[in-house]
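Down below is the structure, laid out as structure tokens.
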Amino acid sequence: MDFQYSEKVQDLLDKLNAFMDEHIYPNEHKMHQALRDEPWSTPELMEQLKQKAKDQGLWNLFLPKVYGDFSPGLTNLEYAPLAEVMGKVIWAPEVFNCGAPDTGNMEVLAKYGSDKQQQDWLQPLMAGRIRSAFAMTEPAVASSDATNIETEIKADGDDYVINGHKFYISGAMRKQCEIMIVMGKTDATNENRYLQQSMILVPMNTPGVKVIRPMQVMGYDDAPEGHAEIIFDNVRVPKENIIAGEGRGFEIAQGRLGPGRIHHCMRSVGAAQRALELMCQRVNQRVAFGRELIKQQSIREDIAKSVCEIEQARLLTLKAAQKMDEEGNKAAKDLIAMIKIIAPNMALTVIDRAMQCHGAVGLSQDTPLAHMWAGQRSLRFADGPDQVHMMQLGRDYAKKFANNQ
Ligand SMILES: Cc1cc2nc3c(=O)[nH]c(=O)nc-3n(C[C@H](O)[C@H](O)[C@H](O)COP(=O)(O)OP(=O)(O)OC[C@H]3O[C@@H](n4cnc5c(N)ncnc54)[C@H](O)[C@@H]3O)c2cc1C
């Protein structure tokens with residue numbers, strides 16, 4: 001394993017760190033204020049920063065393929081340290097057009113989209129002109145098992161008609177969100193339950209798409225993208241909107257979630273690293289019982305444990321990324337599961353220590369820690385709950401030794 005940065009990555013990393021120092025950290029409070037004033041609009045500040053990032057070539061870094069002028073074509077391994085840096089501030093990935101769920105949706109369209117679908121939706125997404133959402137989860141069924149999804153996609157002449165109820169659809173609250181990839185069933189009685197699902201493109205302004213309310217995450221609205229509850233009431237779209245043909249939904253979902261999961265983990269490492277850095281700043285300054293907190297053994301232990309745990313997760317992330325690059329997503333699935341279990345839990349532990357060292361302000365709006373904690377907590381469900389990854393990892397690992405005496 002060689003995790004040495006290439007010259008290209010080091011150059012991007014230097015530029016990205018400089019951008020974070022100059023434009024992201026100093027604007028954290030300003031951005032939160034703008035989002036409080038108008039939660040579902042993209043703040044003007046965001047648009048200005050996006051243009052700056054684009055001008056510097058810090059754009060679409062996630063896509064492991066050169067796509068026109070829009071992407072430098074980095075491998076997953078090359079992207080990992082960059083995603084980590086972006087993960088230090090919750091809203092930063094969007095500045096570089098590297099935010100979920102757009103990244104996963106762009107990958108789906110790049111890999112499975114028709115020429116027309118790519119022209120209509122991938123191009124504007126790559127340019128950062130519009131935003132998107134991915135609608136799978138349903139309140140009525142256990143959606144960690146995608147075969148449970150009940151939304152109906154029914155052929156009717158030249159169209160499909162969609163009926164269903166989804167929630168926690170990230171990105172769908174914002175005004176700039178123009179397109180949704182919706183997962184539903186075109187063939188609910190197919191004997192093979194992995195061929196029942198399809199994915200279909202639904203423009204947000206299609207009649208019958210009813211956004212009911214923003215769902216919260218432990219009290220946070222996660223503006224500007226938000227997490228929408230949506231009813232699909234006889235939503236009619238042309239047949240050409242199906243992605244890659246009927247029955248491919250489960251396969252596409254698997255393909256979409258591989259890179260998406262590891263991107264989340266890279267950002268989790270960044271969130272933990274930021275929390276650790278804030279913790280170190282705080283304990284060097286804060287004085288209790290006559291000396292700086294850093295002089296207490298238990299504080300040093302908290303820092304030491306955090307350094308160790310972050311580095312462990314970082315290395316596992318890089319190993320998984322390298323395996324994906326060299327042998328494909330399928331070959332890397334055990335490593336992806338491992339890091340998806342490890343990284344958000346590690347980040348939660350480190351952020352919790354940082355909050356404790358900060359005292360009351362660690363839970364307040366004056367540090368990013370509480371919001372970061374809520375974000376990492378939701379990652380223990382999003383893109384597959386911990387238990388589902390453990391179920392599959394445990395099953396597959398034990399199988400290797402099933403015939404040993
Ligand atoms: C902030 C946030 C953003 C999200 N964004 C999106 C989005 O953009 N699009 C989208 O479609 N969805 C999104 N989701 C939903 C997320 O993907 C689902 O919550 C997740 O897939 C789990 O589905 P569920 O909530 O129906 O839980 P369920 O499937 O009901 O599972 C509940 C719990 O049951 C347990 N469990 C399940 N299976 C097993 C097992 N085999 N063994 C042991 N225990 C088990 C786990 O503890 C699990 O957490 C988001 C969720 C959050 C919190």
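So here's what we get for this one:
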quantity	calculated
Matching residues, region 337-352, being charged (D, E, K, R) and open to solvent by 50 Å² or more (accessible area, probe 1.4 Å)	Asp352
Any hit, region 134-141, residues being more than 27 Å from Ser41 (Cα to Cα), of a type in the set (D, E, K, R) and either in the same structural domain as Thr189 (by TED's automatic domain parsing) or away from the ligand (no atom under 16 Å from the Cβ) (or both)	no
Listing of helices (runs of 4 or more DSSP H) fully contained in region 299-405 that carry 3 or more residues being within 20 Å of Asn284 (Cβ to Cβ)	333-358
Residue check, Gly128 part of a helix (DSSP H, G or I) and touching a Lys or Arg at 6+ places or on another chain (Cβ under 7 Å)	no
Scope region 165-206; condition of a type in the set (Gly, Ala, Ser) and either within 24 Å of Trp91 (Cα to Cα) or assigned by TED's automatic domain parsing to the domain that holds Trp121 (or both); matching residues	Ser170, Gly171, Ala172
Some residue of region 372-394 being open to solvent by less than 20 Å² (accessible area, probe 1.4 Å), within 11 Å of the ligand (Cβ to nearest atom) and in contact with a strand residue (DSSP E or B) (Cβ under 8 Å, 6 or more places away or on another chain)	yes
Filter result for the condition that a residue is away from the ligand (no atom under 16 Å from the Cβ), under 23 Å from the mean Cα position of the chain (by Cα) and aromatic (Phe, Trp, Tyr), over Tyr194, Tyr160, Tyr168, Tyr112	Tyr112
Residue among Asn17, Asn97, Asn27 that alone is at positive phi and at pLDDT 95 or above	Asn97
Test for Arg236: is it within 16 Å of the ligand (Cβ to nearest atom), over 24 Å from the mean Cα position of the chain (by Cα) and open to solvent by 40 Å² or more (accessible area, probe 1.4 Å)	no
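The values are calculated or read from the model by the stated rules, or taken from the named source; none is laboratory data. Predicted, not measured: the structure shown is a model, and the values here were computed from it. Quick reminder, even Gly has a Cβ in these numbers, built from the backbone with ideal geometry, and neighbours come from all protein chains shown. Note: areas computed on protein heavy atoms with side chains; ligands, DNA, RNA excluded. Shrake-Rupley method; radii C 1.70, N 1.55, O 1.52, S 1.80 Å.
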